[in-house]
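The values are calculated or read from the model by the stated rules, or taken from the named source; none is laboratory data. These numbers come from a predicted model, not from an experiment. Here the Cβ positions follow ideal geometry from the backbone for every residue, glycine too, while neighbour counts run over all protein chains shown. These area figures cover heavy atoms from the full protein model, side chains too; ligands, DNA and RNA do not enter into them. Shrake-Rupley method; radii C 1.70, N 1.55, O 1.52, S 1.80 Å.
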Amino acid sequence: MKSILITGGAGFIGSHVVRCFVRKYPHLRIVNLDKLTYAGNLANLFDVEKEPNYEFIKADIVDAEAISEIFRQYQFDAVIHLAAESHVDRSISNPMEFIFTNIVGTVNLLNAAREIWQNPEGKRFYHISTDEVYGSLGETGLFLESTAYDPRSPYSASKASSDHLVRAYHHTYKLPVVISNCSNNYGSFQFPEKLIPLSINNIRQNKPIPIYGKGENIRDWLYVEDHASAIDLIFHEGKDGETYNIGGNNEWTNIHLIRALCRVMDKKLDRPTGDSEKLITFVKDRAGHDLRYAIDSSKLQKELGWQPSLQFEEGLEKTVEWYLSNESWMNNITSGEYQKYYDTQYNKR
Ligand code: NAD
Ligand code: TYD
């Protein structure tokens, strides 16, 4: 049985990728390695954890020795690397965690793969990255795979660094790699520090919805299951050494997005139209806030035939329905440590 290591499988996107692979490929052994930081939650995988082709290992990718030992023991055939510190605001207040996990952790995985893959035939190291490495766009233009890197936050700089290292291992050591850079994801199981689940949670509790600056920043939103389907396709069909951009062709200013979300919430909560919008509160802007991200994913569409499956309105409704019918998931996460983070992050704004 071939073994695929998925790192960060207890997080938001990772849990969707694990679920997709465990169900679709019963002949593959799917090993989820995760440190279970504040963002990792095994409850995200409750419906696949008993499957015979699934296994969980609690480990820290920053621990080089532990990682090498696990690779020697399991002899993985491929790696899909999602483990990361992923929140821009946290990278502004605590950049070192991002340097350790996103850069050192990635190099530890590359070294461990290199050590066991003396013959790289049939092997693959798939690194999952972000469009934020390309920097910030003005009002026009799209990020292409050939766009020069220009990261501007500690988060995006750490991801850019890891992308460069993955490519360097390909060129220097012929490690078989593939990379994808995706736009903002939304959907079920997203940690509620990110814009959409944070806003859903606050609206549900009639708390202010904090919008940074004037809400004019633009993001290109993709439903998380469409990201997982792109990862599945690139993992199986992507060309060695290549990079693929993944995006939904779905740009929204933050304020327009939140107004649309408020309308869905009013409907689902049986509130009078316009009720949730009253919670919108403009707060101090994020330091160095990137104005606009937008992805050109035509390479992935033309070369591998990928298409996103959902329109945004449909995806947003599904997402709201999921959070409203999984209140205990949200309540478990937002009690305790997270509440302290929320208070320090938002009370000072
Ligand atoms: P997330 O924060 O929800 O999950 C990250 C997971 O990594 C968690 O389960 C956490 O426990 C684990 N982790 C963190 N540090 C670790 C360590 N040192 N060792 C082992 N595990 C560790 O993140 P996400 O939003 O699911 O993002 C997953 C990946 O996709 C990241 O690499 C991110 O850069 C990338 N990405 C995210 C988005 C997005 O919109 N969320 C968009 C494009 C790319
Ligand atoms: P976020 O979900 O943190 O993703 P990223 O910073 O990686 O794009 O933020 C999405 C956008 O929403 C970004 O422009 C920052 C903004 N934002 C707010 O206005 N308020 C918030 O409380 C948060 C978390 C984000």
Residues of region 43-82 classified as within 12 Å of ligand 1 (Cβ to nearest atom), closer than 19 Å to Phe100 by Cα and not aliphatic (A, V, I, L, M), total: 4
Filter result (within 16 Å of ligand 2 (Cβ to nearest atom), of a type in the set (A, V, I, L, M), assigned to a helix (DSSP H, G or I) and open to solvent by less than 20 Å² (accessible area, probe 1.4 Å)) within region 152-210: Ala160, Ile196, Leu198, Ile200, Ile203
Subset tally (residues that are in contact with a strand residue (DSSP E or B) (Cβ under 8 Å, 6 or more places away or on another chain) and either within 27 Å of His289 (Cα to Cα) or within 10 Å of ligand 2 (Cβ to nearest atom) (or both)) for region 227-258: 16
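Results for (1) over 22 Å from the mean Cα position of the chain (by Cα); (2) surrounded by fewer than 14 Cβ atoms within 10 Å (Cβ to Cβ), shown as yes or no for each residue.
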| site | (1), (2) |
| --- | --- |
| Glu242 | no, no |
| Gly248 | no, no |
| Ile258 | no, no |
| Asp270 | yes, yes |
| Ser276 | yes, no |
| Leu279 | yes, no |
| Arg286 | no, no |
Qualifying residue in region 239-257 (condition: modelled with pLDDT of 95 or more, over 30 Å from His171 (Cβ atoms), of a type in the set (Phe, Trp, Tyr) and outside any helix (DSSP H, G or I)): yes
Residue within region 43-51 that is within 25 Å of Asn184 (Cα to Cα) and in contact (Cβ under 8 Å) with a residue 40 or more places away in the chain present: yes
Checking Ser309 against (1) open to solvent by less than 50 Å² (accessible area, probe 1.4 Å); (2) under 30 Å from Lys239 (Cβ atoms); (3) of a type in the set (Ser, Thr, Tyr), the condition it does not meet: (1)
Meets criteria (in a helix (DSSP H, G or I), hydroxyl-bearing (Ser, Thr, Tyr) and within 21 Å of Phe189 (Cβ to Cβ)) for Ser328: yes
Enumeration of residues in region 41-90 that are away from ligand 2 (no atom under 16 Å from the Cβ), among the charged types (D, E, K, R) and crowded, with 17+ Cβ neighbours inside 10 Å: Asp60, Asp77
Hey, Asn32 within 13 Å of ligand 1 (Cβ to nearest atom), in a strand (DSSP E or B) and polar (S, T, N, Q) or not: yes
Which listed residue, of Tyr38, Tyr25, is surrounded by fewer than 20 Cβ atoms within 10 Å (Cβ to Cβ) and within 16 Å of ligand 2 (Cβ to nearest atom): Tyr38
In region 266-306, the residues that are part of a helix (DSSP H, G or I), under 24 Å from Glu237 (Cβ atoms) and charged (D, E, K, R): Lys299, Lys302, Glu303
